[in-house]
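Read the structure below first, then the notes.
The values are calculated or read from the model by the stated rules, or taken from the named source; none is laboratory data. In this text the structure is predicted, and so the values were computed from the model without any measurement. When we count neighbours, we look across all protein chains shown, and the Cβ atoms used for this are built from the backbone with ideal geometry, even at glycine. Remember, those area values only see protein heavy atoms, side chains included, never the ligands or the DNA or RNA. Shrake-Rupley method; radii C 1.70, N 1.55, O 1.52, S 1.80 Å.
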Amino acid sequence: MTAMMTALALTLAALAAMCWLCLSPARLAAAGVALLLAHPAPTMVVTTVVTVALTMFAGRLIYRSLREDGWCLVTVHRPAFAASRAGGVAS
């Protein structure tokens, strides 16, 4: 029971620390630099996981868009201009 309460307290403390870091982009950037300098391996793993997740999300979004609605080329047609008697183009 004591181990579970300790784990819960540590988890809540880590969550509170992350919330405090995320309130300021400068603090978050400083924490990221400190983590990168102290332990580059976890930073690389987190970066890889986020990159893979975003790529999968974008691929899924594109696939659904193509499957459901289909994509079509949009062509802009300008109105034909009439030639004026003065030799120019009348609008």
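None of LEU61, LEU10, LEU54, LEU15 is open to solvent by 100 Å² or more (accessible area, probe 1.4 Å), without any contact (Cβ under 8 Å) to a residue 24 or more places away in the chain and more than 23 Å from the chain's Cα centre (by Cα) except LEU10. Please work out if ARG85 is basic (Lys, Arg) and either surrounded by 10 or more Cβ atoms within 10 Å (Cβ to Cβ) or at pLDDT 80 or above (or both). No; evaluated as a whole, the condition is false for this residue.
Under the condition of being under 19 Å from MET18 (Cα atoms), under 17 Å from the mean Cα position of the chain (by Cα) and either at pLDDT below 80 or open to solvent by less than 80 Å² (accessible area, probe 1.4 Å) (or both), the residues counted in region 35-51 number 2.
Cβ-Cβ distances below 6 Å connect no pair with a first residue in region 20-31 that is open to solvent by 60 Å² or more (accessible area, probe 1.4 Å), a second residue that is of a type in the set (D, E, K, R), and a separation of six or more residues or different chains.
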